[in-house]
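The values are calculated or read from the model by the stated rules, or taken from the named source; none is laboratory data. Just so you know, these numbers come straight off a predicted model, no measurement behind them. Reconstructed Cβ throughout: ideal geometry from the backbone, glycine too, with neighbour counts over all protein chains shown.
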Amino acid sequence: MILQRDSEQQMILNARRSLMSRAMHQQAPDIDVFFLNLNVRRSHLVCDSLNEIARKQTDLKKKLKVTFVGEPGLDMGGLTKEWFLLLIKQIFDPDYADGPCSVQFYNPRFALPYGLLQEIAQSASCPAKSATCQCRVWKFGVDDLAEVMPDVAVGLRELLSYEGNVEEDFCMNFQVSVEEFGGVKTHVLKTEGENMPVTNENRQEYVQLYTELILNKAIYQPFKAFYLGFHSVCASNALIMLRPEEVEMLVCGCPTLDMDELRKVTVYDGFHEEEPIIKQEQLFFSFEF
């Protein structure tokens, strides 16, 4: 509630500044100065969104309004919701980097706008635990990796506890392959790592470097864009009052549903709890989510 109020006050302040600026330049008032207006084509949704946000950095605190080019209609909330859904589908598509707009992922001009798009998508779907871990300043370990890549974490734990000859049985070196944007990229974990075998003596170092790569180095650039985008949109004096766990819940929501608590606050309007149809609905509360 505090963050919402603070955000509303910032939006009002920015809209007021825009209105005053038009008045000082003897320009007629325009209702659009109160909104962040995004004009996008469905066929170039992400590219157009990037361009619009890059051009309208000073409007980021205003209320969002979306227009699909060539389509009639006023955005009363429905078009924005549709834009969100389409954007989320495309921005998390692993094959998107191979598309016609892929070069913009590596263009510094689009680093912040793409981070803003990530923030928008994260706020709506938020599958990225790694971004949450990255906010904390500590040395990463296998337990942290288990939150985002449980299968890999299991394999690394088995490597650490293996009682045989690691070098002969696993035939690994300090070089790993990681899936990125639908493809596979090879990373050398340390200097001359491709020629250095993993042994019983250095396997702990291998696990630590591998974990650091996945949770830190490999995501540094996209996380940096997300971080800048998050603070460009959500910067607030109230935000610094929250712990990392509270920020995670604010963005992602509660990861578990307490069905017993939901049952306690359920109100049956026009029905009694003993009616057959309500008893059937009680089965819903027995499911585990």
Inset, instruction - Just name the residue that is surrounded by the fewest Cβ atoms within 10 Å (Cβ to Cβ) out of those in segment 29-88 that are in contact with a Leu (Cβ under 9 Å, 6 or more places away or on another chain), among the acidic types (Asp, Glu) and under 23 Å from Ser18 (Cβ atoms). - result: Asp30
Legend entry - Candidate set: segment 238-267, residues that are of a type in the set (Val, Ile, Thr) and over 30 Å from Gln9 (Cβ atoms); chosen: the one farthest from the chain's Cα centre (by Cα): Val267
Legend entry - Hey, Leu215 surrounded by 11 or more Cβ atoms within 10 Å (Cβ to Cβ), in contact (Cβ under 8 Å) with a residue 12 or more places away in the chain, among the aliphatic types (A, V, I, L, M) and in contact with a Lys or Arg (Cβ under 7 Å, 6 or more places away or on another chain) or not: no
Inset, instruction - Report, by residue number, each residue of segment 12-66 that is in contact (Cβ under 8 Å) with a residue 12 or more places away in the chain and either of a type in the set (Lys, Arg) or assigned to a loop (DSSP other than H, G, I, E, B) (or both). - result: Arg41, Arg42, Lys56, Leu60, Lys61, Lys62, Lys63, Lys65
Legend entry - Pairs where the first residue, in segment 241-265, is without any contact (Cβ under 8 Å) to a residue 24 or more places away in the chain and part of a helix (DSSP H, G or I) and the second is loosely packed, with under 11 Cβ neighbours inside 10 Å and not basic (Lys, Arg), C-beta under 9 Å, 6+ apart: Met249/Pro255
Inset, instruction - Sort out which residues of segment 237-267 are of a type in the set (Ser, Thr, Tyr), modelled with pLDDT under 75 and surrounded by 10 or more Cβ atoms within 10 Å (Cβ to Cβ), and write them in order of number. - result: none
Inset, instruction - Out of Glu167, Glu205, Glu192, Glu180, report the one residue that is over 30 Å from Lys61 (Cβ atoms) and modelled with pLDDT under 80. - result: Glu180
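Collect the residues in segment 74-90 that are aliphatic (A, V, I, L, M), part of a helix (DSSP H, G or I) and free of Cβ contacts under 8 Å to residues at least 40 places away in the same chain, keeping them in residue-number order.
Leu79, Leu85, Ile88
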Inset, instruction - Kindly check whether there is at least one residue in segment 268-286 that is of a type in the set (D, E, K, R), part of a helix (DSSP H, G or I), at pLDDT below 70 and surrounded by 10 or more Cβ atoms within 10 Å (Cβ to Cβ). - result: yes
Legend entry - Positions within segment 6-18 being loosely packed, with under 13 Cβ neighbours inside 10 Å and either at pLDDT below 70 or acidic (Asp, Glu) (or both), in sequence order: Glu8
Inset, instruction - Quick one: count up the residues across segment 215-240 that are part of a helix (DSSP H, G or I) and farther than 24 Å from Leu145 by Cβ. - result: 8
